[in-house]
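Participant: Here it is, the structure in full.
The values are calculated or read from the model by the stated rules, or taken from the named source; none is laboratory data. Note that the coordinates shown come from a computational prediction; the quantities given were computed from them, not determined experimentally. Note that each Cβ is placed from the backbone with ideal geometry, even for glycine, and that neighbours are counted across all protein chains shown. Areas reflect the complete protein model, heavy atoms only, side chains present, ligands, DNA and RNA absent. Shrake-Rupley method; radii C 1.70, N 1.55, O 1.52, S 1.80 Å.
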Amino acid sequence: MENKVYPITFKKDEDYKIGGVSIPYLGEKYGTPLYILDKETLIFQAQKYINSWKKYYKNKYKVLFAIKALPILEVIRIFKNYGLGALVSTGGELYIALSANVPSEDIYFHGNAKTLKEIEYAIDQKVGAIIIDNFDEYEKIKYVLSKKDTKVKVLVRIIPNIEVNTHKSIRTGQTDTKFGLPIEQALVLIEKINTEKNIIFKGIHSHIGSQIFDISAYVKLSEVLSEVYKELNSKNITVEEMSIGGGLGVAYTKEDNPPDIEDLAREVSNKFSETIGHNFKLICEPGRSLVGRAGITLYRIESRKELGIRKYVSVDGGMSDNIRPSLYGAKYSALIITKGDREEIFSIAGKHCESGDILIKDFSGLWPNPGDYLITFTTGAYNFSMYTWYNATPRPAVVLVENGKDRIIVKRENYEDLLGGQI
Ligand SMILES: Cc1ncc(COP(=O)(O)O)c(C=O)c1O
């Protein structure tokens, strides 16, 4: 299981299977487009995080699932059973994490534009920590607390000034970013927090971006966090927790070669051993690397077109269920289940009214027939959660497979659902 990139198996002349269940059978039973999640892969990734930190980090640690990657109750419950908490970024995500019965002390709340209402909700629910992003948020927290007899634990998000080699839309740790505060300003904020009796400073938070393949960026981050830790210690401010954020990459194509979760845990732990020791609780917040590989999306081919300049194959979904290719050029791998035998190069297009709704440009594979199935891989992260109902497209169902069994964990929307809230 360790080296597998995609959670499906197939032998020549046999059905394609995921979690021991035939993929065409799932298409017949639940319709398409269909998100399919492999439970074994979800558990494998969660255990990998837990076991890697256990092996290398000699103090307490906590893995928080960044639920924005896949905010599905059953997925959050599975991770909770393996000891993971939840990282949420809005009141809505907080509501989902609480609905999955994640203990409130295991929920951390980040975000750069939290509203008063969201802050009050988080405080009332006694979340494990609010991750303060800016001075205005600090004032809002003070205001909410002034009306209550309660306390709140906080981390402060710093900008670590680390440029990572990933798409600019998913980089967050560089100097020019909307997330967090420059270290000098964060230090001023922390001193202010320390004058408040109801705001308990617990530590430092950081997150450098997403789809990161270079472990040395995390090593640099650990150095920066160590410097901040020392600086605060010299001011007699105790840092009990530090978060290295999420961001570890996954393979979307054969060319992608992401590092192992264990590499991250080893290199970060080694760096902290050299600098400040393992004297704090270490937090990490993976999203994509927990769920990305566990998911595939199943479509039906609807039509084909042979233009002189390009050939197109169109499927019954597209940017509504996977906006990432049109949003920032994300690349995916796919497989077509067909009896066709002509190799071609063609673009796989979605059904939406945007020319940019292309799931894969220049795909090389067998020229299919309408009704054939197309599978896209690594769709577990930021597909379901970024779903858009553009062109009034009902959200696909999500099915969980394990040991030859399948069950729906999110129902397919119907046309009536599209009218929800409309008067
Ligand atoms: C603060 C924070 N932590 C963790 C994550 C999860 O990132 P990833 O899914 O790349 O692991 C994000 C994603 O945007 C984030 O903003």
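Participant: Considering only protein heavy atoms and a 1.4 Å probe, what is the carbon-and-sulfur percentage of the accessible area of the chain?
Facilitator: Its accessible area is 48 percent carbon and sulfur atoms.
Participant: Given the options 116, 221, 73, which has the most mean-square fluctuation in a GNM of the chain, springs set between C-alpha atoms less than 10 angstrom apart?
Facilitator: Judging by the Gaussian network model, the answer is 116.
Participant: Still on this model: In percent, what relative contact order does the chain have, based on Cα pairs under 8 Å that are 6 or more apart in sequence?
Facilitator: In percent, rounded to a whole number, it is 19.
Participant: From the phi of every residue in region 403-410, what ³J(HN,Hα) in whole Hz does the Karplus formula 6.51 cos²θ - 1.76 cosθ + 1.60 yield, where θ is phi - 60° and glycine or proline is x?
Facilitator: Values per residue, Gly and Pro as x: 6, x, 10, 10, 8, 6, 10, 9 Hz.
Participant: Amide H of residue 212 versus every other amide H placed in the peptide plane: which residues, excluding those fewer than 5 positions away on the same chain, fall under 5 Å?
Facilitator: Under 5 Å from the amide H of residue 212 lie the amide H atoms of 248, 249, each far enough along the sequence or on another chain.
Participant: Sticking with this structure for a sec: Which whole-number value in Å³ per residue fits the convex hull of the alpha carbons of region 85-215?
Facilitator: Each residue corresponds to 110 Å³ of Cα convex hull volume.
Participant: Let me check I've understood the local charge: for residue 223, count other residues with C-beta under 15 angstrom from its C-beta, Lys and Arg +1, Asp and Glu -1. What total comes out?
Facilitator: -3
Participant: Still on this structure, I have one more. Per residue, what accessible area does the chain have, given a 1.4 Å probe and all protein chains present, in Å²?
Facilitator: Accessible area per residue: 44 Å².
Participant: Would you grab the residues whose amide H sits under 5 Å from the one on residue 311? Only those 5+ places off in sequence or on another chain, please, with H modelled 1.01 Å from N.
Facilitator: Counting only residues 5 or more places away or on other chains, the set is 347.
Participant: Determine the distance separating the Cα centre of region 286-322 from the Cα centre of region 167-243; give it in Å without decimals.
Facilitator: Region 286-322 and region 167-243 have Cα centres spaced 38 Å from each other.
Participant: Work out the P(r) tail for region 299-400: percent of alpha carbon pairs separated by more than 20 Å, whole number.
Facilitator: The proportion of pairs with Cα distances above 20 Å equals 33 percent.
Participant: If you line up the Cα atoms of region 39-290 on their principal axes, what length do they span on each, largest first, in Å?
Facilitator: 54, 40, 34
Participant: Can you divide the C-alpha Rg of the chain by 2.2 N^0.38 Å and report the result to two decimal places?
Facilitator: For the chain, the normalised Cα radius of gyration comes out at 1.04.
Participant: Still on this structure: Taking θ = phi - 60°, what integer Hz values does the Karplus form 6.51 cos²θ - 1.76 cosθ + 1.60 yield along region 80-92, in sequence order, with x for Gly and Pro?
Facilitator: 4, 5, 9, x, 7, x, 10, 9, 10, 10, 8, x, x
Participant: Cα gyration tensor of region 211-311, axes a ≥ b ≥ c as square roots of the eigenvalues: rounded (a/c below 1.5), prolate (a/b > b/c) or oblate?
Facilitator: Cα axes put region 211-311 in the prolate bin.
Participant: Within region 72-113, name every residue whose backbone N is under 16 Å away from a label modeled 7 Å from Cα of residue 196 along the Cβ vector.
Facilitator: From region 72-113, the list is 109-113.
Participant: Ok, one more. Which of the residue pairs 48/411; 54/281; 140/235; 192/220; 62/114 have a Cα-Cα distance greater than 20 Å in the structure shown?
Facilitator: 48/411; 140/235; 192/220; 62/114
Participant: Additional query: Under 10 Å, Cα contacts only: if you run a Gaussian network model on the chain, which one of 226, 216, 104 comes out with the highest mean-square fluctuation?
Facilitator: Its mean-square fluctuation being the largest, the pick is 216.
Participant: Would you mind checking which residues have amide H under 5 Å from residue 205's amide H? H placed 1.01 Å from N; only 5 or more apart, or other chain.
Facilitator: It is 156, 157, 158, 243, by chain and number.
Participant: Just to check I understand the Karplus step: with θ = phi - 60° and J = 6.51 cos²θ - 1.76 cosθ + 1.60, what whole-Hz values come out for region 345-353, glycine and proline as x?
Facilitator: Taking θ as phi minus 60°, the curve returns 10, 8, 9, 9, 9, x, 9, 8, 7 Hz for region 345-353.
Participant: A follow-up question, please. Taking the Cα atoms of region 47-125, what is the range of coordinates along each of the three principal axes, in descending order and whole Å?
Facilitator: 40, 26, 20
Participant: Given R₀ = 45 Å, FRET efficiency for residue 77-residue 327 by Cβ-Cβ distance, to 0.05?
Facilitator: Efficiency computed from Cβ-Cβ geometry: 0.95.
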